[in-house]
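The values are calculated or read from the model by the stated rules, or taken from the named source; none is laboratory data. Computed from a predicted model, the values in this text were never measured in an experiment. Every residue, glycine among them, receives a Cβ derived from its backbone with ideal geometry; neighbour counts consider all protein chains shown.
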Protein chains: 2
Amino acid sequence: MNVIERELSRSIDTDHALLNEASLHLLKAGGKRLRPAFVLLGGKYGNYDLERLSHVAVPLELIHMASLVHDDVIDNADTRRGQLTVKSKWDNRIAMYTGDYIYAKALVIVARLQNPEIHRVLAKAMVQMSIGEMEQIRDFFNTEQTVRRYLLRIRRKTALLIAISCQLGGLAADAPAAYTRQLYRYGYNVGMAFQIRDDVLDLCGTEKQIGKPPGSDLRQGNITLPVLYALQEQDMQRTLLPEIQRIHESDGATDVTRAVEMVKQSRGIERAEQLADRYIQKAMDALQKLPEGKTRKHLQEIAHFVAKRSH
Amino acid sequence: MNVIERELSRSIDTDHALLNEASLHLLKAGGKRLRPAFVLLGGKYGNYDLERLSHVAVPLELIHMASLVHDDVIDNADTRRGQLTVKSKWDNRIAMYTGDYIYAKALVIVARLQNPEIHRVLAKAMVQMSIGEMEQIRDFFNTEQTVRRYLLRIRRKTALLIAISCQLGGLAADAPAAYTRQLYRYGYNVGMAFQIRDDVLDLCGTEKQIGKPPGSDLRQGNITLPVLYALQEQDMQRTLLPEIQRIHESDGATDVTRAVEMVKQSRGIERAEQLADRYIQKAMDALQKLPEGKTRKHLQEIAHFVAKRSH
């Protein structure tokens, strides 16, 4: 992981001062580096070659970073309550183009690999991710969406990139196809659990734990699984629905504590956690089809961490 | 070109209604399809295979479209005079993610080609393009920038993508390296002339010709070549500089007619046109090193069109 970290820094280096600053800021902000870790672990099931693997691991983390910075373009505007100052305008432009720059840098690195399968898998996942982002916008404040729709959305938004991180690790190491398939299955299920856990934490975590005020999703109109489950309870629906409507009408510029408390009083959190656990169980099932050893143990530990994490 | 047009429509097809609508709108808005045309013409210098060539031509037009829609994210906000309505917020998100989607779709198509050189060239150009966009932001209202800096910026912003369109046409058709090099040179110089002509038209064209009010660049703070030349004239500088300062302070929400008229009274337009002509001449020189024939004639005609176009 030290090698990956160094390569990440090197990858975004440019003599354009502003871009350098913005990209480095993003990189330093850290993150769990989950995707590179999965690539390296996936690579253990084939011919482990750190250089080749880094040409997948670094781009995947960069793509993740770029997608986050594009999310921020929108969030920035929100924070300023719809008032677009010159400064915020500049930030938005810079955030968007920093994202574009990081995407492109990711492609330069992955272009070093010749395996066309890798390019295909990556490009297709990027398409799905951008559709997922659009779906999130479409479904903002849509309280009538089904659980299935929520799951499809987080699959695109989060689970796919984690799934292909595991898969591409295997592919870049020429692991047997049967292993690569199980790596994908493991990653997909861990990714689903990861996002559900994220959505639960947004409601139940403290500001210190999650680095943002609780209820940020609701404020933005992002209707997550615990909320959808809560809305299935008739009593809850009667009080929660108008409250969400109120948040919508205020364009997010209101206190969301009451709505958060309602969801916490429902069975929504518990049921969401149960579903996350089921995904973790499926991830573990996929691992059972991979050879025993240290790598498998690591992958199991990560799956457990994902399900229980509080940050 | 009919095949390319059909493939362009097919390429962006998705069952996500909003994305479909936004992408199709972009596609229908048209454009000169200059980049695909250059790919096909470049392909004539090797083994012309329309299917292979379309796997380069379509992505290049998509990348061009995506970069335009990302430009619009910012322009949209400007038009609304800094006031961010919910509707404009949605437009911005949608424009940004539509751009991301189209970029990703471009990659899916180009992933069908195995030649790693093609991936390398394309990814590197995308990096340069995003740096160019950032430079444009950095240089907004910077009246002290040199002509060299302007040229470097339009090289990244425009000329490179046109250069690699010619080059990748050759590469995808396995044309001799000597031809591919000249195709790149031709495209680069045509691209430079194209952007200079664009910048001249923004000042001298009618709203009907250019599809936007004249002086849009100045309003946005985009200091183009004719303006830089005008500022080199001492008399002009005394009146033009405060006028640009005034536009800057009004954040573009002002009449730019006076500034436009000043530039038109200077020698800026004429000198910019002369430089564009020199680039066209260099493009013609590059063509001299390619075999004579119908294709070369077409490329010459396009170069002439670029230099003289009024739309």
Sole miss for residue B:230 among (1) surrounded by 23 or more Cβ atoms within 10 Å (Cβ to Cβ); (2) small (Gly, Ala, Ser); (3) in contact (Cβ under 8 Å) with a residue 60 or more places away in the chain is condition (3)
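Looking at A:249, A:261, A:243, A:301, can you tell me which residue is out of contact with any Asp or Glu (no Cβ under 6 Å at 6 or more places or on another chain), of a type in the set (D, E, K, R), within 26 Å of residue A:41 (Cβ to Cβ) and without any contact (Cβ under 8 Å) to a residue 24 or more places away in the chain? Step through it out loud before you land on a result.
Working: A:249 fails: within 26 Å of residue A:41 (Cβ to Cβ); A:261 fails: within 26 Å of residue A:41 (Cβ to Cβ); A:243 fails: within 26 Å of residue A:41 (Cβ to Cβ).
After applying the criteria, what remains is A:301.
From the list A:131, A:109, A:102, which residue is within 23 Å of residue B:106 (Cα to Cα), at pLDDT 95 or above and of a type in the set (Val, Ile, Thr)? Outline the logic, then answer.
On the way: A:131 fails: at pLDDT 95 or above; A:102 fails: at pLDDT 95 or above.
Being within 23 Å of residue B:106 (Cα to Cα), at pLDDT 95 or above and of a type in the set (Val, Ile, Thr) holds for just one of A:131, A:109, A:102, which is A:109.
One line per residue, one yes/no per condition, for (1) assigned to a helix (DSSP H, G or I); (2) closer than 30 Å to residue A:139 by Cβ; (3) of a type in the set (Val, Ile, Thr):
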{"residue": "B:15", "(1), (2), (3)": "no, yes, no"}
{"residue": "B:23", "(1), (2), (3)": "yes, yes, no"}
{"residue": "B:41", "(1), (2), (3)": "yes, no, no"}
{"residue": "B:55", "(1), (2), (3)": "yes, no, no"}
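Rundown of residues vs (1) farther than 23 Å from residue A:137 by Cα; (2) not charged (D, E, K, R), yes/no style:
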{"residue": "A:236", "(1), (2)": "yes, yes"}
{"residue": "A:243", "(1), (2)": "no, no"}
{"residue": "A:250", "(1), (2)": "no, yes"}
{"residue": "A:254", "(1), (2)": "no, yes"}
{"residue": "A:258", "(1), (2)": "yes, no"}
{"residue": "A:267", "(1), (2)": "yes, no"}
{"residue": "A:272", "(1), (2)": "no, yes"}
Given the residues A:93, A:112, which is the only one that is of a type outside the set (Val, Ile, Thr) and surrounded by fewer than 17 Cβ atoms within 10 Å (Cβ to Cβ)?
-> A:112
Of the numbered conditions (1) at pLDDT below 85; (2) of a type outside the set (D, E, K, R); (3) surrounded by fewer than 19 Cβ atoms within 10 Å (Cβ to Cβ), residue A:140 fails exactly one; give the number of that condition.
-> (1)
Residues that are surrounded by fewer than 18 Cβ atoms within 10 Å (Cβ to Cβ) and aliphatic (A, V, I, L, M), drawn from region A:202-227 = A:210
Just give me the residues in region B:21-54 being over 28 Å from residue B:311 (Cα atoms) and surrounded by fewer than 23 Cβ atoms within 10 Å (Cβ to Cβ), in sequence order.
-> B:46, B:47, B:48, B:49, B:50, B:51, B:52
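Consider residue B:243 carefully, then state whether it is among the acidic types (Asp, Glu) and surrounded by fewer than 18 Cβ atoms within 10 Å (Cβ to Cβ).
Working: among the acidic types (Asp, Glu): yes; surrounded by fewer than 18 Cβ atoms within 10 Å (Cβ to Cβ): no.
Taking the combined requirement at face value, the residue does not satisfy it.
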Could you check how many residues of region A:130-170 are part of a helix (DSSP H, G or I), within 12 Å of another protein chain (Cβ to nearest Cβ) and under 22 Å from residue A:229 (Cβ atoms)?
-> 8
Conditions (1) assigned to a helix (DSSP H, G or I); (2) free of Cβ contacts under 8 Å to residues at least 60 places away in the same chain; (3) surrounded by 13 or more Cβ atoms within 10 Å (Cβ to Cβ) -> residue A:254 fails only (1)
Can you tell me which residue in region A:1-13 is nearest to residue A:298 (Cα to Cα), limited to those that are within 14 Å of chain B (Cβ to nearest Cβ) and touching a residue at least 40 places away in the same chain (Cβ under 8 Å)?
-> A:11
Among the residues of region B:104-125, which ones are within 7 Å of another protein chain (Cβ to nearest Cβ) and over 18 Å from the mean Cα position of the chain (by Cα)?
-> B:104, B:105, B:107, B:108, B:111, B:114, B:116, B:119, B:120
